[in-house]
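Heads up: the structure comes next, in structure tokens.
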Amino acid sequence: MTIRRILLGFCLFATANLPASAQTVEDAIQAALRYSPQIAIGEADTEAAKADQFGALGELLPSVSATITAGEERWRSDELERLRAEDGVTYSLEFSQPVFQGGSAYFGLKDARASTQAQRLLERENRQTVAESAAIAHAALFLDREIVSHRTRSLDLLMQQVTVTDSRREAGAESLIAVSQARSRMEQERAELVRAEASRSVSEANYTRQTGEVPGAVMVPDTKRIDDEMISLADAIAQALQSNPGLLARDDLVSAARHGRNSARGRLAPTLSLDGQYNAYELDSSAMTPGVRQEANEFQLVARLRVPIFQQGQNYSGLKSARARLARENAARRDARLAVEEAVTANWKTLESAAAAISAAEAAVDASEIVVEGQQAEYSAGRTGIQDVLDGQRDLVFARITLSQAEFDYRRARYGLLALVDQLAPAEG
């Protein structure tokens, strides 16, 4: 069993008793869901959709307005006296109750309700996207830290090799060329270590950006396998088509567009409303009876039928726009379905190739460790050259990095699949 497997087993055993600074992928996801501005944006969009729905409901409710008018003889010119024979205060209360609107308000409300439901689903999709970004950031940081560790171990090994080579050179058992080769390989590895540390710094900055937290000293690797959630590509596609929030939102957006088209049709139909008005007067004077105070009250209730004949083309253009919206949403739904199927397939194939790469890389690491140990012993005994030892050490670090990269590819593809089936981010509440 390799040292890597021993360390991995220790990590799994100690997960339940992690130090406070240890961070799992679940910790990263929870932190991102609390911190990410995208979550606040999605919530605000949902609230705006709710407000639009309430506004659509108001189209079915009565409208009531009150007016107070005050007039005084000194506030107008003498020329207007014949036009305004009354001074004083007028109180007016008006209301209008829609009775029939051709279905425009009814379908407008259904449009708004479907749009609100779609926005809720888009908010769920947004949570999955944020969770996926945080999970990948966690995996990428763990990968870069592992690469730094591999490079550091390789550099230590090369430094030891340089010491051995120098000793053999002083004893006359090695050439200057062999010493130079060992030192050259050591400096190359040192440069690779610097690059690995720079990449790690970038990953740390990305982790902080995604989660709002400084990465801890201990990053716990995610060792879960997709077998626990899905059993085949067909199963993964079926789950995605059934539960992907973005795809479900497209269904609601199509329904909303269909209701919007019906609402636009309703604007071409006659409307019927019940209108009422009540007026109360407190008159100070009259042109007909100067100086005499008069009081009057009046009201009326009428049924008003309006037939739209020509509205500057707005109703017809609105209907054409609504039809185009419906066609667009239908096309967008088909495109979203194809995109989801493509993403699921790509992630599943990446999982399969990464799983195979992990098995091959584990075997390569085991073999390379044995080769390096044997070559070092052979070199100390003078039975092999320095180039063979250096090549063996290089192959070992490449095998370790390949294994770490394959595990990262597996995690990233798994996170993508779980996000597509609405399972990566925990449910709200």
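Looking at the stretch 320-337, which of its residues are charged (D, E, K, R) and more than 23 Å from the chain's Cα centre (by Cα)? Lay out the reasoning, then the answer.
At the first step, the residues of the stretch 320-337 found to be charged (D, E, K, R) are 320, 323, 325, 328-329, 333-335, 337.
Across the stretch 320-337, the qualifying residues are Lys320, Arg323, Arg325.
Pairs are defined by a Cβ separation below 9 Å, a sequence spacing of at least 6 or placement on different chains, a first member in the stretch 158-169 that is farther than 10 Å from Val389 by Cβ, and a second member that is of a type in the set (Ser, Thr, Tyr) and in a helix (DSSP H, G or I); the pairs so defined are Arg168/Tyr379; Arg168/Ser380. Can Asp335 be described as touching a Ser or Thr at 6+ places or on another chain (Cβ under 6 Å), in the same structural domain as Gly172 (by TED's automatic domain parsing) and surrounded by fewer than 16 Cβ atoms within 10 Å (Cβ to Cβ)? Taking the combined requirement at face value, the residue does not satisfy it. Please determine, by comparing only the residues of the stretch 86-143 that are crowded, with 23+ Cβ neighbours inside 10 Å and of a type in the set (D, E, K, R), which one is nearest to the chain's Cα centre (by Cα). Ranking the candidates gives Arg127 first. Among the conditions (1) under 30 Å from Gln53 (Cβ atoms); (2) of a type in the set (D, E, K, R); (3) surrounded by fewer than 20 Cβ atoms within 10 Å (Cβ to Cβ), the only one that Arg169 does not satisfy is (1).
Looking at the stretch 208-223 only, could you name the residues that are touching a strand residue (DSSP E or B) at 6+ places or on another chain (Cβ under 9 Å) and under 12 Å from Glu26 (Cβ atoms)?
So the first thing to find is which residues in the stretch 208-223 are touching a strand residue (DSSP E or B) at 6+ places or on another chain (Cβ under 9 Å), and the list is 211, 213, 215-220.
If the condition is that a residue be touching a strand residue (DSSP E or B) at 6+ places or on another chain (Cβ under 9 Å) and under 12 Å from Glu26 (Cβ atoms), then Thr211, Val220 are the ones that fit.
Going through Gln312, Gln387, Gln376, Gln405 one at a time, which residue ends up being surrounded by fewer than 19 Cβ atoms within 10 Å (Cβ to Cβ), outside the structural domain of Arg169 (by TED's automatic domain parsing) and not small (Gly, Ala, Ser)? Working first, answer last.
Values: Gln387 fails: outside the structural domain of Arg169 (by TED's automatic domain parsing); Gln376 fails: outside the structural domain of Arg169 (by TED's automatic domain parsing); Gln405 fails: outside the structural domain of Arg169 (by TED's automatic domain parsing).
So the residue among Gln312, Gln387, Gln376, Gln405 that is surrounded by fewer than 19 Cβ atoms within 10 Å (Cβ to Cβ), outside the structural domain of Arg169 (by TED's automatic domain parsing) and not small (Gly, Ala, Ser) is Gln312.
The single condition among (1) among the hydroxyl-bearing types (Ser, Thr, Tyr); (2) part of a strand (DSSP E or B); (3) within 27 Å of Leu141 (Cβ to Cβ) that Ser201 does not satisfy is (2).
The values are calculated or read from the model by the stated rules, or taken from the named source; none is laboratory data. If you're wondering where the values come from, they're calculated on a predicted model, not measured in any experiment. Don't worry about glycine lacking a Cβ; one is built from the backbone with ideal geometry, like all the others, and counts go over all protein chains shown.
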